[in-house]
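The values are calculated or read from the model by the stated rules, or taken from the named source; none is laboratory data. Only a predicted model underlies this, so the values are computations on that prediction, with no experimental measurement involved. Ideal geometry is used to build each Cβ from the backbone, glycine not excepted, and the neighbour counts take in all protein chains shown. Just so you know, the surface numbers come from the protein's heavy atoms only, side chains and all, with ligands and any DNA or RNA stripped out. Shrake-Rupley method; radii C 1.70, N 1.55, O 1.52, S 1.80 Å.
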Amino acid sequence: MNMQKFQAVRGMNDVLPEQSATWARLETFLKQGMQQYGYQEIRTPILESTDLFVRSIGEVTDIVEKEMYTFVDSLNGESLTLRPEATAACVRLAIQHHLLYNGPQRLWYMGPMFRHERPQKGRYRQFHQCGAEALGFSGPDVDAEMIVMTARLWERLGLTDVRLELNSIGDQAARQRHRQRLLAYLQVHQEQLDDDSRRRLHTNPLRILDSKNPQMAALVEDAPRLLDDLDDNSLQHFDALQTLLKKAGLSFHINHRLVRGLDYYNATVFEWTTTLLGAQSTICGGGRYDTLIEQLGGKPTPACGFAMGMERLLALMEASQQHTADLTGPDVYVIHQGEQAAIEAFVQADVLRQNGLNVVLHCGGGAFKQQFKRADACRAAWALIVGEEELSQQRVTLKPLRGQGPQSTVTMQQALALIRQEQHSPQFFGNLEDTHVRS
Ligand code: ATP
Ligand code: MG
């Protein structure tokens, strides 16, 4: 019979057992990092009304034009979209639940996002973002706080090949002035524009500067600079932000072409990039969006936020050799032989777990040799052996599997003490605690 073999949807990834521990550690690490700066977690639905994204991200953007998974709910005809990003949902949540009546809010989130892009390394149709949003803050201090927060995260992950790109895109009037100058420039060079850009010439010329087409690089490079059209407020804000970043010891590069792919930004925009991930080089991006909350029906409220791509972050960790190939397995793998010994092993494995250890009990019988193979394969630190002989002496044999130490036949009490003595904290993200206690 010709059975159909199912595959995950193109561009959407499974997380396999060998990867899930790294994911979980990264998640815990990011969560602690966010908490350290006073950010509180929110969780929003995967689906939102399509309009929410169209009105926030902007009609003439890659996301809204071609990347959204949109469908009509057949029950009521409502157009719904799988979230392509979370800022709009976060703002929707804050407005709906009147969060801003309690003053400014520092929020963070983590979870899957969906964009219908051409899948390639570092670019998926379901991917994960972790991001933060500071709602109700107008000063450059909160922009700086967010940028420093991300910088410290990279430091603690041991990522050195990262570069901070910074720009200010001013307020609406500044962008309007710039738009006129840019339009004039681009019209003179129309023959150099690619199809996408020609189409955007009159709808969203600013976005042309965001083009990834290498053939347009020279054109984009020589284009009029937004910085020359900036309003005084944005200029002051930008200056103050740079001062704070310098005080924090961060280096950054002002990138005049950085405009970001979403319409809601103003003033500060930033991206963290790396040279180690090929074309998908941005691991994190963000900026200020002072008009979005009002635009979505809330009271005028300034805000700032960023999102990082977790797949790219993990890829960068691997490329920087900060990724543990030798992720540890359980503390103990329990091996046994004989009917009574199997029962004893079953009971003792549970005792060890109640004492806080991670324990895998061998199930399904088999020769000692086979059982040891399994213990090695799951990268356990110790094998704990219950055979007929151990059973008769009310002892167990403890064999270290990672080090060279000798095996010993001991009581359960002694076994527990030995295992605890050797229990080492994981090296991966291990310096998180050190960072906390530094005075
Ligand atoms: P890109 O220019 O790479 O398309 P973007 O500007 O569309 O990125 P943002 O909307 O700013 O991305 O999302 C923030 C971060 O989320 C990106 O910097 C990136 O790390 C990650 N990201 C965005 N799209 C994808 C995707 N399709 N697959 C994996 N990660 C992604
Ligand atoms: Mg994109």
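Among 221-229, 74-82, the peptide with the highest mean count of other Cβ atoms within 10 Å heads the list, and the full ranking is 221-229, 74-82.
Expressed as a fraction of 2.2 N^0.38 Å, the C-alpha radius of gyration for region 332-434 is 1.08. How large is the dipole of the chain about the Cα centre if only Lys and Arg carry +1 and Asp and Glu carry -1, each at its Cβ, rounded to the nearest 20 debye? Approximately 380 debye in magnitude. Protein heavy-atom accessible surface, 1.4 Å probe, per residue over the chain: 52 Å². Translational diffusion of region 193-303 was estimated from the Stokes-Einstein equation, with Rh taken as the Kirkwood radius over Cα pairs; at 4 °C and 1.567 mPa s the coefficient is 81 µm²/s.
In region 143-191, inverting the average of 1/r over every pair of distinct C-alpha atoms gives 14.0 Å as the Kirkwood radius. Cα centroids of region 1-53 and region 88-150: 15 Å apart. Largest GNM mean-square fluctuation across Val220, Val64, Val351, computed for the chain with C-alpha springs under 10 Å, falls on Val351.
Using a cut-off of 25 Å between Cα atoms, the listed pairs Lys212/Lys299; Lys5/Lys373; Lys5/Lys369; Lys31/Lys373; Lys66/Lys212 include Lys212/Lys299; Lys5/Lys373; Lys5/Lys369; Lys31/Lys373 as exceeding that distance. Placing Ile42, Ile147 in order of accessible area, with the largest value first and a 1.4 Å probe, yields Ile42, Ile147. Selection among Phe127, His178, Met146 by position relative to the dipole of region 122-181 gives His178 as farthest towards the positive end (Cβ unit charges, Cα centre). Of the beta bridges in region 332-434, as assigned by DSSP with both residues counted there, near 45 percent are antiparallel. Computed on protein heavy atoms with a 1.4 Å probe, the accessible areas place Glu191, Glu145, Glu294 in the order Glu191, Glu294, Glu145, largest first. The listed peptides 236-242, 162-168, 352-358, ordered by packing as a protection proxy, come out as 162-168, 236-242, 352-358 (highest mean of other Cβ atoms within 10 Å first).
Result for the chain in a Gaussian network model with C-alpha springs under 10 Å: among Leu313, Leu16, Leu201, the largest mean-square fluctuation is at Leu16. The helix-based estimate of mean residue ellipticity at 222 nm for the chain, built from -39,500 (n - 2.57) per DSSP H run of four or more residues and divided by its residue count, is -11500 deg cm²/dmol to the nearest 500. Distance distribution note for the chain: the fraction of Cα pairs above 39 angstrom is 36%.
For the residues Cys378, Cys304, Cys284, a GNM of the chain with alpha-carbon springs under 10 Å puts the largest fluctuation on Cys378. Just the protein heavy atoms count here, and of the accessible area of the chain at 1.4 Å, carbon and sulfur take up 49 percent. Normalised by the number of residues in region 332-434, the mean separation of alpha-carbon contacts (under 8 Å, six or more apart) gives a relative contact order of 25 percent.
Net charge dipole, region 332-434: roughly 260 debye, given to the nearest 20, about the Cα centre with Cβ charges of +1 for Lys and Arg and -1 for Asp and Glu. For the pair region 338-392 and region 237-308, the centres of their Cα atoms are 53 angstrom apart. Summing +1 for each Lys or Arg and -1 for each Asp or Glu among the other residues whose beta-carbon sits under 14 angstrom from that of Leu209 gives -2. Across region 44-169, Cα pairs under 8 Å and at least six residues apart give a relative contact order of 20 percent. Note: relative contact order over the chain, using C-alpha pairs below 8 Å and six or more positions apart, is 15 percent.
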